[in-house]
Amino acid sequence: MLKSGLLNPAVLALIARVRHTNTLVIADRGFPFWPQIETVDLSLVDDIPTVLQVVDALLPHFLIGTVFAAEEFLRANPAPIQEAMRQRFAGIPLRFESHVDLKRRVPQAIGLIRTGDTIPYANLILESA
């Protein structure tokens, strides 16, 4: 029995399949369903868990090479929310692109983890190193 770290078996199975340059999507509660990729839905209620809480849980177990986010995130959110995201990825390239371009990356992902996050455009695509 696992005593610490990631405990969710579906999340563990999903990240175990990620290899070099594969991607994993961490999405908010309103992110579209993508039938061609595995989705692990962790959403409970608004903002539980958040995208950044899931990122915090994954960081010790996931070697991130690049993070992709929607440039609309920068326009839709105040500086403290933006800074919280930047802090999570200190030293990791954080690339902003249109949310349309971001969603074009989704079908190639190994999977998607859906959260209860209500922050506009909080969706991230993590590319493994």
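Yes/no per residue for (1) at pLDDT below 95; (2) at negative phi; (3) in contact with a Gly (Cβ under 6 Å, 6 or more places away or on another chain); (4) among the aliphatic types (A, V, I, L, M):
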{"position": "S4", "(1), (2), (3), (4)": "yes, yes, no, no"}
{"position": "L7", "(1), (2), (3), (4)": "yes, yes, no, yes"}
{"position": "Q36", "(1), (2), (3), (4)": "yes, yes, no, no"}
{"position": "T39", "(1), (2), (3), (4)": "no, yes, no, no"}
{"position": "V51", "(1), (2), (3), (4)": "no, yes, no, yes"}
{"position": "F62", "(1), (2), (3), (4)": "yes, yes, no, no"}
{"position": "V67", "(1), (2), (3), (4)": "no, yes, no, yes"}
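Scanning the stretch 64-89 for residues that are outside any strand (DSSP E or B), under 15 Å from I119 (Cα atoms) and touching a strand residue (DSSP E or B) at 6+ places or on another chain (Cβ under 6 Å) yields one hit, E71. Any residue in the stretch 16-39 that is farther than 18 Å from E97 by Cβ and in a helix (DSSP H, G or I)? The answer is yes, given that some residue of the stretch 16-39 is farther than 18 Å from E97 by Cβ and in a helix (DSSP H, G or I). Checked against (1) among the hydrophobic types (A, V, I, L, M, F, W, C); (2) touching an Asp or Glu at 6+ places or on another chain (Cβ under 8 Å); (3) part of a strand (DSSP E or B), A122 passes all but a single condition, namely (3). Hey, can you tell me all the residues within the stretch 44-58 that are surrounded by fewer than 18 Cβ atoms within 10 Å (Cβ to Cβ) and polar (S, T, N, Q)? Once the filter is applied, which keeps residues that are surrounded by fewer than 18 Cβ atoms within 10 Å (Cβ to Cβ) and polar (S, T, N, Q), the stretch 44-58 yields only Q53.
Which is free of Cβ contacts under 8 Å to residues at least 24 places away in the same chain, surrounded by fewer than 16 Cβ atoms within 10 Å (Cβ to Cβ) and farther than 26 Å from L7 by Cβ, of Q82, Q87, Q108, Q36? Every option except Q82 fails the conditions.
I'd like to check something: does the stretch 12-19 contain any residue that is surrounded by fewer than 17 Cβ atoms within 10 Å (Cβ to Cβ), within 10 Å of G116 (Cβ to Cβ) and not hydrophobic (A, V, I, L, M, F, W, C)?
Narrowing the stretch 12-19 to residues surrounded by fewer than 17 Cβ atoms within 10 Å (Cβ to Cβ): 12-13, 16-17, 19.
Subset that is within 10 Å of G116 (Cβ to Cβ): none.
No; the residues of the stretch 12-19 include none that is surrounded by fewer than 17 Cβ atoms within 10 Å (Cβ to Cβ), within 10 Å of G116 (Cβ to Cβ) and not hydrophobic (A, V, I, L, M, F, W, C).
Do the conditions hold for L7, that is, is it more than 22 Å from M85 (Cα to Cα), buried (at least 19 other Cβ atoms within 10 Å of the Cβ) and more than 12 Å from the chain's Cα centre (by Cα)? Against the criterion (more than 22 Å from M85 (Cα to Cα), buried (at least 19 other Cβ atoms within 10 Å of the Cβ) and more than 12 Å from the chain's Cα centre (by Cα)), L7 does not qualify. I'd like to know if the stretch 46-57 contains one or more residues that are of a type in the set (D, E), farther than 12 Å from I125 by Cα and free of Cβ contacts under 8 Å to residues at least 60 places away in the same chain. Checked against the condition, which is being of a type in the set (D, E), farther than 12 Å from I125 by Cα and free of Cβ contacts under 8 Å to residues at least 60 places away in the same chain, the stretch 46-57 yields at least one hit.
Answer yes or no as to whether L102 is in contact with a strand residue (DSSP E or B) (Cβ under 7 Å, 6 or more places away or on another chain), crowded, with 20+ Cβ neighbours inside 10 Å and more than 27 Å from G5 (Cα to Cα). Considered against the rule, which asks whether it is in contact with a strand residue (DSSP E or B) (Cβ under 7 Å, 6 or more places away or on another chain), crowded, with 20+ Cβ neighbours inside 10 Å and more than 27 Å from G5 (Cα to Cα), L102 comes out as yes.
The values are calculated or read from the model by the stated rules, or taken from the named source; none is laboratory data. Just so it is clear, the model here is predicted, and its values are computed rather than measured. Please note: Cβ atoms are built from the backbone with ideal geometry, for glycine as well, and neighbour counts cover all protein chains shown.
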